[in-house]
1. Run through the other copies and list how far each one's label point is from that of residue B:25, in nm with one decimal, shortest first; the point sits 7 Å from Cα along Cα-Cβ.
2. Could you quickly flag the chain B residue whose beta carbon comes closest to the rotation axis taking B to A, and that distance in whole angstrom?
3. What average number of partner chain Cβ atoms lie no more than 10 Å from the Cβ of the residues making up B:170-176?
4. First compute the accessible area of region B:172-231 with a 1.4 Å probe, then give the percent of it belonging to carbon and sulfur atoms.
5. Name the residue farthest towards the positive end of the dipole of the protein assembly as shown from the options A:379, A:276, A:40, assuming +1 on Cβ of Lys and Arg, -1 on Cβ of Asp and Glu, about the Cα centre.
6. With n ≥ 4 as the cut-off for DSSP H runs, can you work out [θ] at 222 nm for chain A, using -39500 (n - 2.57) per run divided by the number of residues, rounded to the nearest 500?
7. Mind grabbing the base-10 log of I(q)/I(0) for region B:32-113 at q = 0.26 Å⁻¹? Debye formula, identical points on the C-alpha positions, no solvent, two decimal places.
8. Looking at A:208, A:256, A:195, which one has the Cα that reaches farthest to the positive end of the dipole of region A:117-262 (charges on Cβ: Lys, Arg +1; Asp, Glu -1)?
Protein chains: 2
Amino acid sequence: MSQIDCDTKDEVINPQELTSCKVVDYMKLVDKFGCHIIDNTLLEKFEKVTGKKAHVWLKRNIYFSHQDLDTLLDLVADGKEIFIYTGRGPSSNSMHIGHLVPFMFAKYLQDAFNAIVIIQMSDDEKYYARDSVSLDECNKLAYENAKDIIACGFNPLKTFIFSNLETVGGSLFRNIVHLMKTTTGNQIKGAYGLNLSNPIGQITWPMFQIAPAFSSSFENIFHKKNVTALIPMGIDQAVYFRTARDFADKMKYPKPATIHSKFLPGLEGINTKMSSTSTNANSVIFLSDNAVTIKKKIGLSFSGGKNTLIEHRLLGADLSVDVAYQYLTYFLEDDDKFQQITTDYSSGIMTSGQIKQILVDLLVELVNTHKKNRDLIDAIVLRQFFDMTKNDL
Amino acid sequence: MSQIDCDTKDEVINPQELTSCKVVDYMKLVDKFGCHIIDNTLLEKFEKVTGKKAHVWLKRNIYFSHQDLDTLLDLVADGKEIFIYTGRGPSSNSMHIGHLVPFMFAKYLQDAFNAIVIIQMSDDEKYYARDSVSLDECNKLAYENAKDIIACGFNPLKTFIFSNLETVGGSLFRNIVHLMKTTTGNQIKGAYGLNLSNPIGQITWPMFQIAPAFSSSFENIFHKKNVTALIPMGIDQAVYFRTARDFADKMKYPKPATIHSKFLPGLEGINTKMSSTSTNANSVIFLSDNAVTIKKKIGLSFSGGKNTLIEHRLLGADLSVDVAYQYLTYFLEDDDKFQQITTDYSSGIMTSGQIKQILVDLLVELVNTHKKNRDLIDAIVLRQFFDMTKNDL
């Protein structure tokens, strides 16, 4: 989930922390949020229970941290139903490739668990957070961005996307009311860094993001069943679901399980986060970019290769700061090929230019496939994903 | 409206101000809230436009203050539709006679303007404000209290009662979102005395009470029409609708007009407010009280008569502190009889006992009639009042 940008959440991850987003700092966050590293034992259990190979993002520590994933796997092993909850704050018309990561992963989880996926489009929250857009525009963007999400391949019979603006009410509002009763302003201030100078909408927003983590919020979908949620998210969102877990205790609701990812870095350096509001347009690959633009932007990306070819052959690249290499950890699925590249680039056998070309080819294919899938989504398909009653008999 | 008790709103009317609730202090409040006294000229205009005699509560300065009532009368004179908005925080099973006053007055306004009445039952707000009740109980009380409201004689075809818990969503939530965007926590603190130590539900509540003041919140009822609201309320609620009027400016919505009442005093003295949470049960006449109880309670009420009959005959009663006499200003409609009592009691011709007996007879009749009317309200009638779509073709 990426409804709230890191840099608006000073209390949790401030920009200083984010500019030093190396492995050691992610570990600090895990401690801070009371989370746990996803280790090999847990991944083996995941593969055994789901009967599916662990996603490369799990194996490569991109989705690296969790809460209660083991407990959730026990539930699934016992034949219990679970659901996946994720969301998006609809902002620009054109999403970037970093925005796709959580949805590609949620689609994988849907297949792995054969589970219902609930996706909150927080059009109201975007309206609170930005002064330049109207509520109607935010609502319209919810549907535009939904097409990009659907293009990731979700099962239309098991996926429910909703505009928060249009959907708050009924059982969902009931849980929001319970949250608004049991949470004080001081708790919001402590956890989210929001205070009385913020609009009421922002102060209240955490209640609206948390409520969908409970199956009782969706009577049309889950009826009276108590179904546990699994919530994949960027680590910056973990604080929401700490509140959610405390609330579950109070209400005797099933505690949601969570999986946390690192941030996809911006192209200008691995100590930044890809952001569509970046001042540097070359830092971001939009889903609307064509092959020429992608090649240009990747060409300008921060490299860990050496300044001269001789020096590079001798010393090899610094993989930890090389953005193109880091992107391959996301987008090159083939483990053997990835290992070969790791060896050859770090030893200087492969050049920065070669690495960048491999990435360009992958991203051009990703973006083109995505465009093709998106073009297939007409009003009827879109409506089907937004219909909460579609499985009612 | 009486969703928020005076004594929880330190910033607006603190208990000190309330314990000196004499005419002069009401005038101070009028100034403080930027309201205007309802004078004879305005009452004449009211009678001319509505073709109906002004209610005694208007003539006797019980509903004494307003904003834009004159402008609203111009709209009505021009043939424009208006609607009445009022509400109740459903608390105890048994309402008291003070609770009836705003609804008796709203029913009068419905007849005078032939207008739709919208009544918000703030079950969610009562849940935020009280620790001893569950949300289900508050919701149930909304329906119980609605029976007492309906018994005041509202037109079932033109009256819409709603549980806020059940109704927030759609066009109503849309206006709440606009309010939550345009109001900061500091504005809430300044106007309502709520701060970060309050539950989020309480901090946010003003947005939920204000939104129904706009016809655009009820698309099912008003469709796309821009209809101006007239809101009768206790003067302690005026602050809500100052916020509402500022918001109307921002949104280019019709500005709601308001009429403000004084408080029905408690039986122990005119410097108190009748409250079901009073520590003195004898201070309150409940709608469930029988004739014997009413007689006993009125007998114990604070009297402005003198200590001995001789002294009383000589000096007469102090009407300004005599609770029974003050109640007659509310419940004795007959102006001639009321004038006679005023003369005879203040001059000592009538005794405190006689005044109290007249009041007992009036209240016993009021309560008995109310009980009879209430008993006629079955589930079908109740459902009709809660049906927002009943007039849709």
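The values are calculated or read from the model by the stated rules, or taken from the named source; none is laboratory data. These numbers come from a predicted model, not from an experiment. Don't worry about glycine lacking a Cβ; one is built from the backbone with ideal geometry, like all the others, and counts go over all protein chains shown. The protein model used for the area step is the full one, side chains on, heavy atoms only, and it has no ligands, DNA or RNA in it. Shrake-Rupley method; radii C 1.70, N 1.55, O 1.52, S 1.80 Å.
1. Inter-copy label distances (nm, one decimal, shortest first): 5.8.
2. Rotation axis B onto A, closest Cβ, rounded to whole Å: B:169, 1.
3. 4
4. Details: 770 of 1650 Å².
C and S fraction of accessible area: 47 percent.
5. About the Cα centre, the residue reaching furthest to the positive side is A:379.
6. Numbers: 20 runs with 201 residues, N = 393.
Value at 222 nm, helices only, nearest 500: -15000 deg cm²/dmol.
7. Taking Cα atoms of region B:32-113 as identical point scatterers yields -1.46.
8. The residue sitting farthest along the positive end of the dipole is A:256.
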